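Each remark here refers to the structure printed beneath this line.
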Amino acid sequence: MTQSTPPTQQSTWDAVDAYFCEQLVGHDPALEAATAAADAAGLPRIAVAPNQGKLLHLLALTQGARRILEVGTLGGYSTIWLARALPADGTLISLELDPRHAEVARGNLARAGLDKVAEVRQGRAADSLAALVEQGEEPFDLVFIDADKPSNPEYFRRALQLTRPGSLIIVDNVVRGGAIADADSIDPAIVATRALHELIAAEPRVTATSVQTVGSKGYDGFTLARVQG
């Protein structure tokens, strides 16, 4: 979140998220353990909220995804949600720059019983994506981009190279507390995220929309793009 939110407004969002999570997500030992491990390792508390994680899970299930690519692993919380949507012979590759984050995520995936389908590759995402393209990696059915925001346009271009008609590309944190509407912003994250949407708007191979969200993570949103050909 890039802009301050009035405390009473945020408390309402928190309460609503808590209600929906209690009713529709529930308690999950593996996910709670993943959060605890990330906290113990000192990772930043920027993982998706539980209801947002379940949205990713449902999108992957609806997509019938057998191959998923994630750009930005952190502690593996969203990775667990996505990997659980895969069939037993499915594949998830998650890309993480920070070696400590990658180590925590691998441990969380192993404890969740998902280390046979989910792999964390440590290094610069730009380099890892380029390697996947060069290796002729089989197309991914779903790509979730949630890493350093200034690189979003590059990540999206690579995602197009690594998908097929019918694939979904999801980019998180695109509203930035409303700052995305500021055409005069010099914030690198805002400049790059606006460039991302200009790229998407001009790209005939995708159809897309963006959705604003509020909740325990503040005011933000995501962009959903479907590859058409």
Positive dipole terminus of the chain, leading residue within Leu61, Ser210, Val25 (C-beta point charges) = Leu61
Accessible area per residue in Å² at 1.4 Å probe, computed on the stretch 150-229 | 46
With the Cα gyration tensor of the stretch 10-110 in hand, convert its eigenvalues to equivalent ellipsoid semi-axes via √(5λ) and list them largest first in whole Å.
-> 21, 19, 11
Labelled set (i) 121; (ii) 113; (iii) 139; volume of the Cα convex hull per residue in Å³ computed from this model equals the value at (i)
Among DSSP beta bridges whose residues both lie in the stretch 89-229, state the antiparallel percentage, nearest 5.
-> 60
Over the chain, what percent of the accessible surface lies on carbon and sulfur atoms, probe 1.4 Å?
-> 54
Under Karplus coefficients 6.51, -1.76 and 1.60, residue-wise ³J(HN,Hα) of the stretch 145-159 in Hz, glycine/proline x | 9, 8, 10, 5, 5, x, 8, 3, x, 5, 4, 5, 4, 5, 4
Amide H within-cut-off set for Glu119, under 5 Å, with H built and near neighbours excluded = Leu92, Ile93, Ser94
Computed magnitude of the charge dipole of the chain (debye, nearest 20; Cβ of K, R +1, Cβ of D, E -1) = 380
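Rounded, prolate or oblate: pick one for the stretch 75-114, where a ≥ b ≥ c are the square roots of the eigenvalues of its C-alpha gyration tensor, a/c under 1.5 means rounded, and failing that, prolate if a/b is larger than b/c, else oblate.
Because a/c hits 1.5 or more and a/b exceeds b/c, the stretch 75-114 counts as prolate.
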Setting aside same-chain residues fewer than 8 positions from Lys217, which aspartates and glutamates have a Cα under 19 Å from its Cα?
-> Asp14, Asp17, Glu22, Glu32, Asp39, Asp146, Asp148, Asp172
CD proxy, 222 nm, the chain: helix-only mean residue ellipticity via -39,500 (n - 2.57) per DSSP H run with n ≥ 4, per residue, nearest 500, stands at -12500 deg cm²/dmol
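Report the charge-dipole magnitude of the stretch 1-75 in Debye, nearest 20, computed about the Cα centre from +1 at each Lys and Arg Cβ and -1 at each Asp and Glu Cβ.
Approximately 340 debye in magnitude.
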Work out from phi, with θ = phi - 60° and the Karplus expression 6.51 cos²θ - 1.76 cosθ + 1.60, the ³J(HN,Hα) of each residue of the stretch 183-191, listed in order in whole Hz, and give x for Gly and Pro.
-> 5, 9, 4, 10, 5, x, 5, 6, 4
Using 0.36 nm per residue of separation minus the Cα-Cα distance, give me the extension gain between Glu22 and Ala40 in nm, one decimal.
-> 4.1 nm
Amide H contacts of Leu142 (H built 1.01 Å from N, under 5 Å, at least 5 apart or other chain) | Arg67, Leu69, Leu168
Residue-level accessible surface for Val206, protein heavy atoms, 1.4 Å, Å² | 20
Karplus ³J(HN,Hα) for the stretch 98-115 (6.51 cos²θ - 1.76 cosθ + 1.60, θ = phi - 60°; Hz, whole; x = Gly/Pro) runs 7, x, 5, 4, 4, 5, 4, 4, 4, x, 5, 5, 5, 5, 7, x, 10, 6
List the aspartates and glutamates whose alpha-carbon lies under 17 Å from that of Lys116, not counting same-chain residues fewer than 8 positions away?
-> Glu70, Asp89, Glu103
How much area per residue is accessible in the stretch 6-134 when the probe is 1.4 Å and only protein heavy atoms are counted (Å²)?
-> 48
As a Kirkwood estimate from alpha-carbon pairs, the stretch 9-51 has a hydrodynamic radius in angstrom of 11.5
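The values are calculated or read from the model by the stated rules, or taken from the named source; none is laboratory data. Computed from a prediction, not measured in an experiment: that's the story for all the values here. Positions of Cβ are generated from backbone atoms using ideal geometry, with glycine treated the same way; all protein chains shown enter the neighbour counts. Quick note on the areas: whole protein, heavy atoms, side chains included, nothing else; ligands and nucleic acids left out. Shrake-Rupley method; radii C 1.70, N 1.55, O 1.52, S 1.80 Å.
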